[in-house]
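Since the structure comes first, as structure tokens, the remarks are kept for the end.
FYI, it's all coordinate maths here, none of it is from the lab. The structure displayed is predicted, hence computed values, not measured ones. Cβ placement follows ideal geometry from the backbone for every residue including glycine, while neighbour counts extend to all protein chains displayed.
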């Protein structure tokens, strides 16, 4: 976590972690797209501004709501289907930054690398971001366990790319 100059209200966190899944990267990739996360993330409901928008197309925009019902706007910045995707993420008057997910094949499936680069825009958000940063490893570990639970329960996977 880095704080801004004296008098600033925000802070920045650059966070990285990774985990492995027993899926080929091309099969796992869609789990980390707007529509793919609906399969395994409880409460994840992306709302697209354009009907039938392609959630892999650079420039596509959608919105989600957090547990306090604050909107978060997402924009696809870069996408290499099957390999990686980078999103801009703006929670108005709270945090702004990017989320990057990259996948590589491994002998038993794939490695998923997740990076959040977020800046808090208020003092309250800075405290919230610090808590998020402190719990980031557990947060990413929860992604893995939730996906594995979904798979073990026979949960549906999105179409691979």
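Scanning the stretch 8-31 for residues that are part of a helix (DSSP H, G or I) and under 14 Å from residue 159 (Cβ atoms) yields 26, 27, 28, 29, 30, 31. Return a yes/no flag: does the stretch 111-122 have any residue that is surrounded by 12 or more Cβ atoms within 10 Å (Cβ to Cβ) and not in a strand (DSSP E or B). Among the residues of the stretch 111-122, at least one is surrounded by 12 or more Cβ atoms within 10 Å (Cβ to Cβ) and not in a strand (DSSP E or B), which makes the answer yes.
Listed here are the residues, each with its yes/no results for (1) out of contact with any helix residue (DSSP H, G or I) (no Cβ under 8 Å at 6 or more places or on another chain); (2) not in a strand (DSSP E or B).
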| position | (1), (2) |
| --- | --- |
| 37 | no, yes |
| 43 | yes, yes |
| 52 | yes, yes |
| 74 | yes, no |
| 97 | yes, no |
| 103 | no, no |
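Tell me, yes or no, whether the stretch 28-42 has at least one residue that is more than 24 Å from residue 130 (Cα to Cα) and free of Cβ contacts under 8 Å to residues at least 24 places away in the same chain. Yes, there is a match, as at least one residue in the stretch 28-42 is more than 24 Å from residue 130 (Cα to Cα) and free of Cβ contacts under 8 Å to residues at least 24 places away in the same chain. When residue 54 is tested against the conditions (1) surrounded by 14 or more Cβ atoms within 10 Å (Cβ to Cβ); (2) in contact (Cβ under 8 Å) with a residue 12 or more places away in the chain, the lone failure is (2).
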